[in-house]
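In what follows, a structure is listed as structure tokens, so that the remarks can point back to it.
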Amino acid sequence: MAEIKFSDETLALVHRIVKRYPEGKQKSALLPVLHLAQAEFDGWLDVPVMDYVASLLNIKPIEVYEVASFYSMYNLSPVGKCLIEVCQTGPCWLRGSDDIVGHLEKRLGIKNGETTSDGMFTLKTVECLGSCGTAPMLQCGAEYYEDLTPEKIDSLLEKLKTSGERSTYMKSRV
Amino acid sequence: MGKQILLEHINVPGIHTFDVYRKTGGYASVEKALKTMTPDQVTEEVKESGLRGRGGAGFPAGLKWSFLDRKSDKPRYLVCNADESEPGTFKDRYLMEKIPHLLIEGMITSSYALGARTAYIYIRGEYMYIVRILEKAIEEARAAGFLGNNILGTDYSLELYVHPGAGAYICGEETALLESLEGKRGNPRLKPPFPAIAGLYACPTVVNNVETIASVVSIINISADKYNDVGIGKSTGTKLISASGHINKPGVYEIELGLPVEEFIYSDEYCGGIWKGRTLKAVVAGGSSVPILPASLILKTAKGEPRLMTYESLADGGFVSGTMLGSGGFIVMDETACIVRNLWTYTRFYHHESCGQCSPCREGTGWMEKVLHRIEHGHGHAEDIDLLVDIAKKIEGNTICPLGDAAAWPVASAIRHFRDEFEYHVKYPEKVKNPRHFEIEPMQSSYTLAGTVNA
Amino acid sequence: MAKVTIDGIETEVPDGTTILNAARQIGGALVPPAMCYYSSLKDTGGKCRVCLVKVSQGSSKDPRPLPKLVASCRTPVADGMVVQNITSPDVLEARKGVVEFLLINHPLDCPICDQAGECDLQNLAYEHGAANTRYEEERRTFEKTDIGDKIKLHMTRCILCYRCTFVADQLTEERVHGVMNRGDASEISTYIEKAVDNEFSGNMIDVCPVGALTDKTFRFKSRVWFTNPLDAHRNCDKCCGKVVLWTKGEEVLRVSARKDQFGEVREYICNECRYDHKNMKDWQVEGPRHIDRHSVISQNHYEKIDLQKLKREIDRQLIFQKGKQLPEANESAS
């Protein structure tokens with residue numbers, strides 16, 4: 001199996017991140033570094049990836065597993081190239097998020113929580129994303145897609161399919 | 001529109017850049033504080049202003065600052081709580097995205113007052129695109145000499161960093177936030193000790209909401225006296241309200257505290273009234289955690305006085321007939337909204353977000369969701385309604401952190417004010433099996449429509 | 001030193017003592033139960049909410065009552081504090097609520113669970129709970145797993161007191177298990193296939209208040225009240241060597257550390273003492289272990305009654321009923 005290692009660029013970024021915290025408190029870098037790891041290694045955190053992060057930050061692997069499984073943005077199993085996260089909490093529901101989920105399920109031919117057979121899209125409902133004024137909405141990668149209508153969803157799916165890129169939270173990091 | 005303190009320059013083109021921000025008077029509070037005031041004077045000014053925490057708890061900010069342990073020789077920290085995950089709330093996102101420099105200026109002035117040399121902005125992971133906006137703004141501020149060593153030639157130095165979360169509402173609770181900042185699971189700590197004594201890395205720490213820190217800028221610029229001229233009584237200054245739901249103009253509005261609720265809902269300057277020509281049914285005034293109120297009680301208190309957007313007026317009547325200003329997440333419902341289903345989405349939220357440390361919240365949130373799911377989907381029993389009230393009562397006050405209370409209050413208030421809707425669900429299970437049941441046939445209930453007084 | 005009054009009885013304790021420990025110093029029925037606090041493990045406590053008490057007077061300096069019930073295991077005493085435990089109906093209601101919450105996802109495994117008879121949850125439910133359950137929803141379930149080849153984990157029974165993680169952190173060289181996920185999906189797990197086999201890991205079995213972590217070498221061998229517990233010791237260079245042998249006739253069914261009257265181990269034992277010496281001859285037997293009369297384990301035991309001790313205990317209880325200051329409390333091991 002190929003050895004897990006960050007690119008030089010990412011590694012440099014990791015060291016910059018660790019320097020933000022006091023000496024000996026490098027564990028604070030765990031959350032940002034896990035985001036980087038998830039983005040670099042196919043959008044999810046496999047055990048070897050988490051072990052690598054543990055060794056980089058000089059902490060026990062179990063400490064990484066515990067944190068990765070606690071937070072909902074970390075995927076511990078493979079996801080499709082585009083992870084479509086639709087908000088389902090109260091304010092979005094009031095403006096029709098149920099219909100948005102229904103439309104996506106129909107278009108993609110999958111149910112909430114599943115991945116399309118070509119591995120392109122995973123559909124997931126999530127909790128309040130802080131976009132209640134422009135509901136209903138969804139998040140894909142770092143972008144928010146707001147004031148959704150079935151038409152807007154269709155053209156978004158087209159755009160994502162054509163680009164074929166893996167969606168990531170970490171596009172164009174400073 | 002009332003006085004705009006935070007959003008005064010929001011529509012100036014390029015206000016998110018340092019140059020335009022500076023030209024409109026940006027960073028003046030840093031100059032004033034560092035060059036003409038001592039840190040304690042800045043704290044006094046914030047105390048005088050009556051500024052209350054804008055994240056939801058409403059605790060006086062100056063008082064919190066004064067609790068900071070200044071005798072310890074450990075380093076001090078200011079941490080900005082940008083975790084904004086309370087359903088219905090999106091004002092911090094708006095502020096950080098449109099005028100990032102306002103927050104950064106506030107962080108510098110506040111850190112100076114607290115004697116902090118390092119400050120962090122803990123921002124929820126879903127706002128990752130805003131992390132980049134903030135980091136860019138920080139670089140601009142540093143290049144202009146407002147961050148780093150010897151700011152403006154004084155001996156005050158400050159390093160400011162952005163730290164992303166990864167999807168956990170519980171990390172909006174200040175001690176869980178600190179745990180997460182330390183790279184651990186977001187489990188709230190027991191208080192005492194309070195963060196002001198032992199917070200980040202067991203050092204004296206102050207945690208403040210984005211809007212609270214942004215408000216410090218104006219307080220220093222215009223003075224505490226002018227700031228508390230705005231508002232009423234102990235609710236001074238302006239507040240950002242995130243309006244959403246069944247209104248014509250959802251969005252973020254800066255209001256002077258004291259604005260009548262009726263005006264906020266119906267005036268074209270704000271929400272623009274209920275959409276689609278419908279009628280007001282209920283409002284959750286301060287984020288999903290606060291009690292829900294029927295139309296009659298949100299527009300007027302139980303005594304019949306007009307309800308105002310202030311901490312005191314919204315809380316008039318306690319939990320029997322009142323609610324809370326909270327985070328200002330103002331969610332409006334019309335007559336087609338099903339209170340039970342709406343409540344179910346919130347209990348589902350709290351169940352998903354519970355950290356799991358303490359038994360009442362861990363087990364109780366799951367239990368409440370399951371019972372509500374049954375009721376909403378046509379499998380409820382009459383006993384379930386009182387059961388829900390009892391579960392909520394057993395959670396409230398018995399948990400480590402306020403998430404338990406936040407999960408219990410919506411349940412208790414929804415049943416208190418809309419019990420007949422729950423009974424309808426138990427009585428007509430076949431009708432409620434269609435999720436659109438109240439769109440098809442709105443329920444005539446004792447909540448009464450806007451303008452009339454509850455029997 | 002600080003003076004604190006609990007359920008009408010005053011006692012004086014060093015500054016920094018928690019309400020729970022002050023109550024334990026007084027002893028008797030007013031001691032709050034504790035499911036997650038463990039006196040010999042640092043930083044435990046505050047999570048299960050079973051020990052909640054009412055502070056009706058914060059201190060002599062500031063006599064205002066505290067607005068919410070507080071966890072007595074983590075709240076330090078202030079001079080002049082007045083606490084209500086079983087004399088407060090609110091506290092009893094809250095405790096009943098917590099017991100109910102602990103039981104909603106807990107399986108009804110008592111008939112097949114090794115912990116029966118020495119289970120904190122059973123005792124708690126018996127003393128503070130309701131007879132029936134109102135929970136009719138589905139319970140969360142997990143598969144049984146082995147944590148190491150000597151410890152069985154029934155995650156369905158776990159009440160998430162986190163004590164086992166503290167044992168791993170504080171007594172062994174490296175913690176390899178922890179809490180995964182959050183909320184009621186929380187799971188004690190090693191996440192990957194990994195054995196927990198550090199030298200003091202067996203103590204997790206003793207600290208676990210319920211039957212979630214049990215000794216595989218004792219599994220299904222006998223009900224605890226049919227065994228004969230004996231105090232014994234051996235020369236061990238790794239640990240104190242002081243144990244309890246749970247025997248049946250000449251057979252040693254299980255070896256465990258000694259628990260004090262609050263069910264807490266003070267001196268831990270190593271895995272070798274626990275698992276590898278199941279022969280009576282390996283041990284220097286001191287004598288029968290005293291078991292508290294109200295514990296079910298004492299059901300089949302007859303022991304010589306110390307009349308003096310019994311009289312002192314009765315006097316204590318009578319004085320407690322009248323709410324006056326107690327004479328010095330007895331030691332009584334369970």
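The values are calculated or read from the model by the stated rules, or taken from the named source; none is laboratory data. Since this is a predicted model, take the numbers as computed values, not measurements. Positions of Cβ are generated from backbone atoms using ideal geometry, with glycine treated the same way; all protein chains shown enter the neighbour counts. When the accessible area is computed, the model is the full protein with side chains, heavy atoms only, and any ligands, DNA or RNA have been set aside. Shrake-Rupley method; radii C 1.70, N 1.55, O 1.52, S 1.80 Å.
Which of the residues spanning segment B:370-393 are within 11 Å of another protein chain (Cβ to nearest Cβ) and open to solvent by 30 Å² or more (accessible area, probe 1.4 Å)?
B:Lys370, B:His373, B:Arg374, B:His379, B:His381, B:Glu383, B:Asp386, B:Asp390, B:Lys393, listed by residue number.
Name every residue in segment C:295-316 that is more than 24 Å from C:Phe218 (Cα to Cα), modelled with pLDDT of 70 or more and loosely packed, with under 14 Cβ neighbours inside 10 Å, in order of residue number.
Once the filter is applied, which keeps residues that are more than 24 Å from C:Phe218 (Cα to Cα), modelled with pLDDT of 70 or more and loosely packed, with under 14 Cβ neighbours inside 10 Å, segment C:295-316 yields C:Ile305, C:Asp306, C:Leu307, C:Gln308, C:Lys309, C:Leu310, C:Lys311, C:Ile314, C:Asp315.
If you go through segment C:162-172 one residue at a time, do you hit one that is at pLDDT below 95, more than 20 Å from the chain's Cα centre (by Cα), closer than 20 Å to C:Tyr38 by Cα and of a type outside the set (Lys, Arg)?
yes
Say we look at segment C:74-120 and pick out the residues that are within 13 Å of chain B (Cβ to nearest Cβ) and of a type in the set (S, T, N, Q); which of these is nearest to B:Ala392 (Cα to Cα)?
If we take residues in segment C:74-120 being within 13 Å of chain B (Cβ to nearest Cβ) and of a type in the set (S, T, N, Q), then C:Asn105 is nearest to B:Ala392 (Cα to Cα).
Would you list the helices (runs of 4 or more DSSP H) that sit entirely within segment B:205-278 and hold 3 or more residues that are closer than 23 Å to B:Pro306 by Cα and either of a type in the set (Phe, Trp, Tyr) or within 18 Å of the chain's Cα centre (by Cα) (or both)?
So the answer is B:261-266.
Please verify whether B:Leu160 is within 14 Å of another protein chain (Cβ to nearest Cβ), closer than 20 Å to B:Asn81 by Cβ and assigned to a strand (DSSP E or B), treating the condition exactly as stated. Spell out the reasoning first.
Numbers: within 14 Å of another protein chain (Cβ to nearest Cβ): yes; closer than 20 Å to B:Asn81 by Cβ: yes; assigned to a strand (DSSP E or B): yes.
When the stated conditions are applied, B:Leu160 passes them.
Can you tell me which residue in segment B:44-60 is farthest from B:Ala224 (Cα to Cα), limited to those that are outside any loop (DSSP other than H, G, I, E, B) and touching a Gly at 6+ places or on another chain (Cβ under 6 Å)?
The qualifying residue farthest from B:Ala224 (Cα to Cα) is B:Arg52.
Among the residues of segment A:90-114, which ones are more than 26 Å from A:Glu40 (Cβ to Cβ), within 14 Å of chain B (Cβ to nearest Cβ) and either open to solvent by 20 Å² or more (accessible area, probe 1.4 Å) or out of contact with any helix residue (DSSP H, G or I) (no Cβ under 6 Å at 6 or more places or on another chain) (or both)?
Of everything in segment A:90-114, those that are more than 26 Å from A:Glu40 (Cβ to Cβ), within 14 Å of chain B (Cβ to nearest Cβ) and either open to solvent by 20 Å² or more (accessible area, probe 1.4 Å) or out of contact with any helix residue (DSSP H, G or I) (no Cβ under 6 Å at 6 or more places or on another chain) (or both) turn out to be A:Cys92, A:Trp93, A:Leu94, A:Arg95, A:Gly96, A:Ser97, A:Asp98, A:Asp99, A:Ile100, A:Val101, A:Gly102, A:Asn112.
Here are some residues: C:Val91, C:Val99, C:Val53. Which one is assigned to a strand (DSSP E or B) and either surrounded by fewer than 19 Cβ atoms within 10 Å (Cβ to Cβ) or not small (Gly, Ala, Ser) (or both)?
Of C:Val91, C:Val99, C:Val53, the one residue that is assigned to a strand (DSSP E or B) and either surrounded by fewer than 19 Cβ atoms within 10 Å (Cβ to Cβ) or not small (Gly, Ala, Ser) (or both) is C:Val53.
Let me confirm something: among A:Ser72, A:Ser117, which residue is in a loop (DSSP other than H, G, I, E, B) and within 14 Å of chain B (Cβ to nearest Cβ)? Show your work before the answer.
Details: A:Ser117 fails: within 14 Å of chain B (Cβ to nearest Cβ).
Result of the check over A:Ser72, A:Ser117: A:Ser72.
Just to be sure before I move on: is C:Ala195 of a type in the set (A, V, I, L, M) and either surrounded by fewer than 18 Cβ atoms within 10 Å (Cβ to Cβ) or under 29 Å from A:Met50 (Cα atoms) (or both) in the structure I sent?
yes
Suppose the filter is more than 10 Å from every other protein chain (Cβ to nearest Cβ) and at pLDDT 95 or above; does B:Ile170 pass it?
No, not satisfied.
Looking for whichever is in a helix (DSSP H, G or I), out of contact with any strand residue (DSSP E or B) (no Cβ under 8 Å at 6 or more places or on another chain) and among the aliphatic types (A, V, I, L, M) here; the options are B:Ile138, B:Ile133, B:Ile108. Which one fits?
B:Ile133
Could you tell me whether A:Lys124 is within 14 Å of A:Gly80 (Cβ to Cβ) and either buried (at least 16 other Cβ atoms within 10 Å of the Cβ) or within 14 Å of another protein chain (Cβ to nearest Cβ) (or both)?
yes
Would it be correct to say that A:Leu45 is part of a helix (DSSP H, G or I) and of a type in the set (A, V, I, L, M)?
Spelling it out, it is not the case that A:Leu45 is part of a helix (DSSP H, G or I) and of a type in the set (A, V, I, L, M).
Could you check segment C:65-88 and list, in sequence order, the residues that are in contact with a strand residue (DSSP E or B) (Cβ under 8 Å, 6 or more places away or on another chain), open to solvent by 40 Å² or more (accessible area, probe 1.4 Å) and in contact (Cβ under 8 Å) with a residue 40 or more places away in the chain?
C:Arg74, C:Pro76, C:Asp79, C:Val82, C:Gln84
Pick from segment C:134-163 the residues that are within 11 Å of another protein chain (Cβ to nearest Cβ) and farther than 11 Å from C:Ile188 by Cβ: which of them is most open to solvent (accessible area, probe 1.4 Å)?
C:Glu138
Within the set of pairs 6 or more residues apart or between chains, which connect a residue that is within 14 Å of chain B (Cβ to nearest Cβ) inside segment C:164-184 to a residue that is among the basic types (Lys, Arg) and in a strand (DSSP E or B) with Cβ atoms less than 8 Å apart?
none
Of the residues in segment C:142-184, how many are part of a loop (DSSP other than H, G, I, E, B) and within 19 Å of C:Asp109 (Cα to Cα)?
Taking segment C:142-184 first, the residues part of a loop (DSSP other than H, G, I, E, B) are C:142-144, C:148-150, C:154, C:158-162, C:172-177, C:181-182.
When the remaining residues are screened for being within 19 Å of C:Asp109 (Cα to Cα), the result is C:142-144, C:154, C:158-161.
Adding up the residues that qualify gives 8.
Scan segment B:350-369 for residues that are facing chain C (nearest Cβ under 8 Å), under 25 Å from the mean Cα position of the chain (by Cα) and hydrophobic (A, V, I, L, M, F, W, C) and jot them down.
B:Cys355, B:Cys358
Given the structure, is A:Ser77 closer than 30 Å to A:Ser55 by Cα and either in a loop (DSSP other than H, G, I, E, B) or more than 19 Å from the chain's Cα centre (by Cα) (or both)?
Criteria met by A:Ser77.
Inspect all residues belonging to segment C:11-21 and state whether any of them is in contact (Cβ under 8 Å) with a residue 24 or more places away in the chain, in a helix (DSSP H, G or I) and in contact with a Ser or Thr (Cβ under 7 Å, 6 or more places away or on another chain).
Within segment C:11-21, one or more residues are in contact (Cβ under 8 Å) with a residue 24 or more places away in the chain, in a helix (DSSP H, G or I) and in contact with a Ser or Thr (Cβ under 7 Å, 6 or more places away or on another chain).
Hey, C:Met35 hits all of (1) out of contact with any helix residue (DSSP H, G or I) (no Cβ under 8 Å at 6 or more places or on another chain); (2) part of a loop (DSSP other than H, G, I, E, B) but one; which does it fall short on?
Result: C:Met35 fails condition (1) only.
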